[in-house]
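A short write-up of the structure that comes next.
The values are calculated or read from the model by the stated rules, or taken from the named source; none is laboratory data. For clarity, every value in this text was computed on a predicted model and none was experimentally measured. Note that we place each Cβ from the backbone using ideal geometry, even for glycine, and neighbour counts take in every protein chain shown. Surface areas here come from the heavy atoms of the whole protein model, side chains and all, with no ligands, DNA or RNA. Shrake-Rupley method; radii C 1.70, N 1.55, O 1.52, S 1.80 Å.
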Amino acid sequence: MKIDWKRKLTSRKLWVAVAGFVAGLAVIFGGTSGTAETISGTILSGAAVIGYLLGEGLTDCANADTNKGDDA
């Protein structure tokens, strides 16, 4: 069974779960709620960038494959 890492890394559910988990850990280990919000926001912002880059990369690859035979 092959894991589709591109699809997993662009999943909003994954990044919300990661942000919630890390923010929860920050609070458990003595951080404030403000720190938890900052951590969550940073993770979700990073996820948006990763999703955009992967999406654009996949689009560029698909366009490159369809344009290979176009020499006209």
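Given points 7 Å out from each Cα along the Cα-Cβ axis, report the residue 45 to residue 7 separation in nanometres with one decimal.
My value for the distance between the label points is 3.1 nm.
Taking the solvent-accessible surface of protein heavy atoms with a 1.4 Å probe, what is the per residue accessible area of the stretch 1-68 in Å²?
78
Could you tell me how many degrees, from 0 to 90 and to the nearest 10, lie between the Cα long axis of helix 12-28 and the main elongation axis, the longest principal axis, of the Cα atoms of the chain?
With rounding to tens, the tilt is 20 degrees.
Run lengths n ≥ 4 of DSSP H only: what is the helix-derived mean residue ellipticity at 222 nm for the chain, with -39500 (n - 2.57) per run over all residues, to the nearest 500?
Helix-only estimate at 222 nm: -26500 deg cm²/dmol.
Between residue 22 and residue 59, what's the calculated FRET efficiency when r is the beta-carbon distance and R0 is 30 Å? Round to 0.05.
Step by step, r from the Cβ atoms, then E = 0.50.
In whole percent, how big is the carbon plus sulfur part of the accessible area of the chain, probe 1.4 Å, protein atoms only?
The C+S portion of the solvent-accessible surface of the chain is 65 percent.
Report, in degrees rounded to the nearest 10, the 0 to 90 angle that the Cα long axis of helix 33-66 makes with the longest principal axis of the chain.
10
Just want to confirm a number: the relative contact order over the chain, from Cα pairs under 8 angstrom separated by 6+ residues, in percent.
This gives 32 percent for the chain.
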